[in-house]
Amino acid sequence: MATDTVSMDQIVSLCRRRGFVFPSSEIYGGLGSTYDYGHYGVLLKNNIKARWFEAMILERDDIVALDSAVILHPRVWEASGHVEGFTDPLVDCRTCKLRFRADKLEDSQCGRKPSKHPGGTPECDLTEPRQFNLMFETTVGPVQEAGAKAYLRPETAQGIFINFKNVLQLARRRPPFGIAQVGKSFRNEITPGNFLFRVREFEQMEMEFFVPPADAERWYRYWIDERLGWYLRYGLRRSRLRVREHGPEERSHYSQGTSDLEYLYPIGWSELEGVANRGDFDLTRHSEFSTTKLEYVGPEGDRYVPYVIEPAVSLERIIVALLVDAYDEEVVGERERTVLRFHPQVAPVTAAILPLIAKHDGMVAKARSLYEELRKRHAVEYDDNGAIGRRYRRQDEIGTPWAFTIDEQTLADDTVTVRDRDSLAQERLPITGVRAWLDDALEREWQTPKGD
């Protein structure tokens, strides 16, 4: 097995080569830090969302789903503090004409050669810092005027908070319970970069868990462990994950506790997912601004504003982490092989169906029949383009766990060869038993062969 390091350039190259992700608006020169997802990228995204949805909702009875609007009443963002406080301090360089975050100058590079940190040379002429709001503004209605100003949401959480009362009543819930949703968010980041790690348009998966105030610390710790276990369950290595609790100086003013689940990306240890004890800040603020009471009233007349525990993650950061952790290069039979060792339940394609000889009518007929049977239940791919070894390598690069090959022996005894992506082991199965074998294989416990 090859070295245990992978660069972001390798990940970007593979994503482009195999159609996972490519720059958006590319025929017009692209638009900075915006990306489009190709076929395999869409399948990967959908599988990740499905696994998250299962863990958060389908496997539990204390969390319900929500899909809130992208454009909310402007007062929502005043109540949440985003209008006033969702800002970054910026400086401009009068020499190179680039813009930088004033609090991240040590991580930035000046546009002039030799490249230095902004302010690192006498020629670098920086302006005074000024605050820049990260929300995208838009206009509701046909006329641009002050009363028509609105925003694209910078997070999905506020749509959950303003629906607390609806869910409490209509879903007949009582704390502790959660509301979860997946949806697009938008932030006008000044210094996006590192591929999908920091982009202006991203997909969030957030859950707000409403609890009695006295139980908040226990549930905060519970959700840290629960979310860490989810990443381990789907193949991220323990040695590449850690929990880092924020110090008092890092936390938001309303936070009772915040922890980052960090992953060792090629850019170093960085936030993968955040888990926060937000206290009663959000419901209290929306109660004040809307004049609607957002509280829980118990059967005995006890009432309180619940505290909120929030696990929140960007789907894009999960994608990058999974790609980095799964990426491997090795030499097999004196030939280099690039492989994505995805968990089978996350892999874009579950299995490939390959006729050994693409123009053999008998093999093609058997392969197409098996493909039509399996595609009703699984994301499978029929591939007859090129030599069989090349097709195996192609499937390895998109992370397909298994390949079923129809050959001469299939025509004689109705068995097929199944090849395992990770071990390269092969065995023969009755063609009539392939579907059941695949169903069982997906349910088996899986661990990455790359170790801990």
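The values are calculated or read from the model by the stated rules, or taken from the named source; none is laboratory data. Remember, predicted model here, so these are calculated numbers, not experimental data. Here Cβ is always computed from backbone atoms with ideal geometry, including for glycine, and neighbour counts include all displayed protein chains. We work out accessible area using only protein heavy atoms, side chains counted, and drop any ligands, DNA or RNA first. Shrake-Rupley method; radii C 1.70, N 1.55, O 1.52, S 1.80 Å.
Of all residues in region 308-334, which are open to solvent by 10 Å² or more (accessible area, probe 1.4 Å), farther than 19 Å from Lys49 by Cβ and of a type outside the set (Asp, Glu)?
Step one: of region 308-334, the residues open to solvent by 10 Å² or more (accessible area, probe 1.4 Å) are 310, 312, 314, 317, 322, 327, 329-334.
Checking the rest, the ones that are also farther than 19 Å from Lys49 by Cβ come to 327, 329-334.
Matches in region 308-334: Tyr327, Val331, Val332, Gly333.
Residues in region 71-87 that are farther than 19 Å from Lys165 by Cα and either hydroxyl-bearing (Ser, Thr, Tyr) or in contact (Cβ under 8 Å) with a residue 40 or more places away in the chain (or both): how many?
First, the residues of region 71-87 that are farther than 19 Å from Lys165 by Cα: 71, 74, 78, 81-87.
From what is left, the residues that are either hydroxyl-bearing (Ser, Thr, Tyr) or in contact (Cβ under 8 Å) with a residue 40 or more places away in the chain (or both) are 71, 74, 78, 81-83, 86-87.
Summing the residues that are farther than 19 Å from Lys165 by Cα and either hydroxyl-bearing (Ser, Thr, Tyr) or in contact (Cβ under 8 Å) with a residue 40 or more places away in the chain (or both) in region 71-87 gives 8.
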Yes/no for Gln409 being of a type outside the set (A, V, I, L, M, F, W, C), closer than 30 Å to Phe197 by Cα and at pLDDT 95 or above:
no
Considering residues of region 11-25 that are closer than 18 Å to Arg200 by Cβ and touching a residue at least 40 places away in the same chain (Cβ under 8 Å) only, the residue least open to solvent (accessible area, probe 1.4 Å)
Val21
In region 375-391, which residues are more than 18 Å from Gly19 (Cβ to Cβ) and in a helix (DSSP H, G or I)?
Ile388, Gly389
State which residue is farthest from the chain's Cα centre (by Cα) when the search covers only region 231-257 and only residues that are closer than 26 Å to Ile160 by Cα and hydroxyl-bearing (Ser, Thr, Tyr).
Tyr254
Here are some conditions: (1) in contact with a Phe, Trp or Tyr (Cβ under 8 Å, 6 or more places away or on another chain); (2) open to solvent by less than 20 Å² (accessible area, probe 1.4 Å); (3) under 21 Å from Tyr222 (Cα atoms). Val305 meets all but one. Which one does it not meet?
(2)
If I go through region 229-253 residue by residue, how many of them are farther than 21 Å from Pro344 by Cβ and open to solvent by less than 50 Å² (accessible area, probe 1.4 Å)?
2
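Let's see how each residue does on (1) within 17 Å of the chain's Cα centre (by Cα); (2) assigned to a helix (DSSP H, G or I):
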position	(1), (2)
Phe202	yes, no
Met205	yes, no
Glu208	no, no
Ala214	no, yes
Asp225	no, yes
Gly229	yes, yes
Pull out all pairs, ordered by first then second residue, where Cβ-Cβ is under 7 Å, the residues are six or more apart or on different chains, the first lies in region 337-362 and is surrounded by fewer than 17 Cβ atoms within 10 Å (Cβ to Cβ), and the second is in a loop (DSSP other than H, G, I, E, B).
Ala358/Asp384
Subset tally (residues that are open to solvent by 20 Å² or more (accessible area, probe 1.4 Å), over 29 Å from Pro176 (Cβ atoms) and in a loop (DSSP other than H, G, I, E, B)) for region 26-80
6
